[in-house]
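Asker: Dumping the structure here so I can ask a few things about it.
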Amino acid sequence: MIGSRTARRKNPTSRVRRLTAVAAALPLAFTALLTAGAGTAAAGPGNGPTAVVSLGDSYISGEAGRWKGNSLTDSGNRTGTDRAWLSGSTYDPAKVYGTTAGGCHRSDSAEVRSAGPLADVAVNLACSGATTDNVFRASNGGVAYKGEAPQADQLAAVAASHDVKLIALSVGGNDLGFADIIKNCAYDFIIWNSYCYDDQQYGVDQKIDGVMAKVGKSVDEIRAVMRTAGYADSSYRIVLQSYPSPIPRGAENRYTQSDWSRLDTGGCPFWNRDSDWARDSLVPQIANRLKGVAAAKGVQFMDLRDMMQGREVCAKASSQVTTAKPASAKTSEWARWIDSSETQGLIQESMHPNHFGQLAAGRCLALVAAQPATGSGFSCKNTAGADQTGMFLTPAS
């Protein structure tokens with residue numbers, strides 16, 4: 001028996017519609033966000049303003065950067081968590097995502113922008129929902145996405161107009177079907193009273209070799225663009241990163257699995273067994289395979305599997321935001337919940353690092369950039385009770 005439910009929801013249909021939307025939504029014209037002036041001098045390798053660039057998917061584009069923790073308050077500024085609040089019941093996601101609101105969701109606190117002064121300019125080409133096909137050059141199978149050219153082709157324009165020093169890449173999760181995994185595991189908690197880990201693991205195992213080959217091709221595409229622009233491989237670095245877990249292990253969840261608190265209060269509708277699988281099997285499996293790609297391609301690896309340990313949605317070591325517990329990177333959750341009340345923001349933000357999580361990821365990138373661009377890479381972890389300034393590196397295991 002999986003769990004004893006004391007009060008079955010009277011009507012889970014709306015939850016089903018909501019989670020279907022999660023699956024549909026979770027999954028570039030040079031309008032990238034810049035943290036400094038673009039510069040007009042002749043540029044390229046060794047000339048012009050220096051640049052750090054991010055490529056890939058929602059985990060690096062800045063998805064969920066609108067939110068400073070999670071609050072059950074649905075009105076006003078949601079107890080200070082909603083950075084898109086204007087006044088009364090008026091909200092403008094463009095305050096956070098600019099012209100990419102409702103699309104690529106490149107937030108003002110995205111990793112490449114939160115990393116600090118790594119270069120004169122920070123250019124965010126990543127896009128929420130992007131797959132490896134959206135990274136490749138159009139001439140080599142790349143596919144435009146959300147009205148923008150493939151990211152490698154956009155990188156070519158940046159490489160010609162700036163002196164690129166670092167390229168951060170997060171990709172592969174949408175190829176593996178992260179959204180469907182989240183949806184199916186939530187369905188199994190809400191509707192089917194069964195586990196998801198076994199069939200979902202089988203699906204991942206069937207796909208992962210092909211996905212990692214395409215991640216490797218993404219790195220090759222970046223190299224090809226940079227070489228065409230006149231860059232030597234040694235003149236810049238590529239950092240390939242893994243994914244953090246947005247949910248904790250079952251024993252680290254502050255809500256019981258025997259009632260509806262994980263859905264209605266916490267926003268983490270998953271069984272303990274499935275949570276343990278995601279945290280201790282799926283996330284490490286993907287991280288280890290990405291590390292292998294980084295080694296094979298001669299690029300640096302940044303392991304984020306433990307980045308949000310204790311800061312996940314529903315984690316005992318963190319708390320939701322209330323009037324008594326204001327939003328704080330030291331106490332609040334670092335990932336966006338699944339909003340079962342269907343009243344806060346856009347569903348595509350669910351299960352992503354929020355504003356605090358992105359500040360932490362930016363700090364991780366800054367720490368890696370300060371290290372020599374050699375070796376097997378680094379794992380970035382947080383210090384319990386500290387904000388993003390407490391992030392630290394250990395050698396990747």
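The values are calculated or read from the model by the stated rules, or taken from the named source; none is laboratory data. None of these values were measured; they are calculated from a predicted model. Positions of Cβ are backbone-derived with ideal geometry, glycine not excepted, and every protein chain shown enters the neighbour counts. What goes into the accessible areas is simple: the full protein's heavy atoms, side chains included, and nothing from ligands, DNA or RNA. Shrake-Rupley method; radii C 1.70, N 1.55, O 1.52, S 1.80 Å.
Asker: Taking θ = phi - 60°, what integer Hz values does the Karplus form 6.51 cos²θ - 1.76 cosθ + 1.60 yield along region 335-349, in sequence order, with x for Gly and Pro?
Answerer: 10, 7, 6, 8, 7, 6, 7, 6, 10, 10, x, 9, 5, 5, 7
Asker: So, in nm, how far is label A317 from label T374 when the simple model puts each one 7 Å beyond its Cα toward the Cβ?
Answerer: Between A317 and T374, the simple spin-label model gives 3.3 nm.
Asker: Another question about this same structure. Run the accessible area of region 108-243 with a 1.4 Å probe and give the carbon-and-sulfur part as a rounded percent.
Answerer: C and S atoms contribute 51 percent here.
Asker: Per the Kirkwood treatment, what hydrodynamic radius in Å, one decimal, follows for region 95-223 from the mean inverse distance over all distinct Cα pairs?
Answerer: For region 95-223, the Kirkwood estimate is 16.6 Å.
Asker: Now, a different point. If R0 is 22 Å, what FRET efficiency do you get for L367 and A296 from their C-beta distance, rounded to 0.05?
Answerer: For R0 = 22 Å, the calculated efficiency reads 0.40.
Asker: Would you mind getting the accessible area per residue of region 124-205, heavy atoms of the protein chains only, 1.4 Å probe, in Å²? Write out the running numbers ahead of the final one.
Answerer: On the way: 2620 Å² over 82 residues.
With the other protein chains kept in place, region 124-205 gives 32 Å² per residue.
Asker: Right, another one. Along the charge dipole of region 129-242, pointing to its positive end and built from +1/-1 on Cβ of Lys, Arg, Asp and Glu, which listed residue (Q154, G177, G210) has its Cα farthest out?
Answerer: Q154
Asker: Okay, next question. Compare F301, F392 by solvent-accessible area with a 1.4 Å probe and give them largest first, with all protein chains kept in place.
Answerer: F392, F301
Asker: Moving on to the next point. For region 223-374, place one equal point scatterer on every Cα, skip the solvent, and apply the Debye formula. What is log10 of I(q)/I(0) at q = 0.19 Å⁻¹?
Answerer: -1.15
Asker: So for the chain, what percent of the C-alpha to C-alpha distances run longer than 28 Å?
Answerer: 42 percent
Asker: Suppose the chain between K330 and D280 were pulled fully straight at 0.36 nm per residue; how much longer would it get relative to their current alpha carbon spacing?
Answerer: Result for the pair: 15.6 nm of gain on full extension.
Asker: From the backbone phi of region 51-59, what are the Karplus-calculated ³J(HN,Hα) couplings (6.51 cos²θ - 1.76 cosθ + 1.60, θ = phi - 60°) in whole Hz, Gly and Pro given as x?
Answerer: Each residue's phi maps through the Karplus curve to give 9, 10, 10, 10, 10, x, 10, 5, 6 Hz.
Asker: Also, I was wondering about something else. Past the 18 angstrom mark, what percentage of all C-alpha to C-alpha distances in region 321-397 do you count? Display every interim value, and only then the final one.
Answerer: Details: 1492 of 2926 pairs.
More than 18 Å apart: 51 percent of the Cα pairs in region 321-397.
Asker: Shifting gears a bit: Among the aspartates and glutamates, which have Cα under 12 Å from the Cα of K297 when same-chain residues fewer than 8 positions away are ignored?
Answerer: Once the sequence-local aspartates and glutamates are set aside, what remains near K297 is D220, E221, D233.
Asker: Read phi for every residue in region 313-321 and hand back ³J(HN,Hα) as whole Hz from Karplus 6.51 cos²θ - 1.76 cosθ + 1.60, θ = phi - 60°, with x for Gly and Pro.
Answerer: 4, 6, 5, 4, 6, 10, 8, 6, 7
Asker: Tell me the Kirkwood radius of region 202-303: reciprocal of the mean inverse pair distance over distinct alpha-carbon atoms, in Å. Please report the intermediate quantities before stating the final value.
Answerer: Details: mean 1/r = 0.0624 Å⁻¹.
Its Kirkwood hydrodynamic radius stands at 16.0 Å.
Asker: Still on this structure, I have one more. Using modelled amide H (1.01 Å from N, peptide plane; none on Pro or chain starts), what sits under 5 Å from the amide H of A335, excluding residues fewer than 5 places away?
Answerer: V313, N354
Asker: Filter K165/K217; K291/K381; K165/K214; K165/K330; K146/K316 down to the pairs with a C-alpha to C-alpha distance above 28 Å, please. Please list the in-between numbers first.
Answerer: Details: K165/K217 21 Å; K291/K381 16 Å; K165/K214 24 Å; K165/K330 32 Å; K146/K316 38 Å.
Result: K165/K330; K146/K316 exceed 28 Å.
Asker: Would you grab the residues whose amide H sits under 5 Å from the one on R237? Only those 5+ places off in sequence or on another chain, please, with H modelled 1.01 Å from N.
Answerer: Here the answer is L166, I167, since their amide H atoms fall under 5 Å of that of R237.
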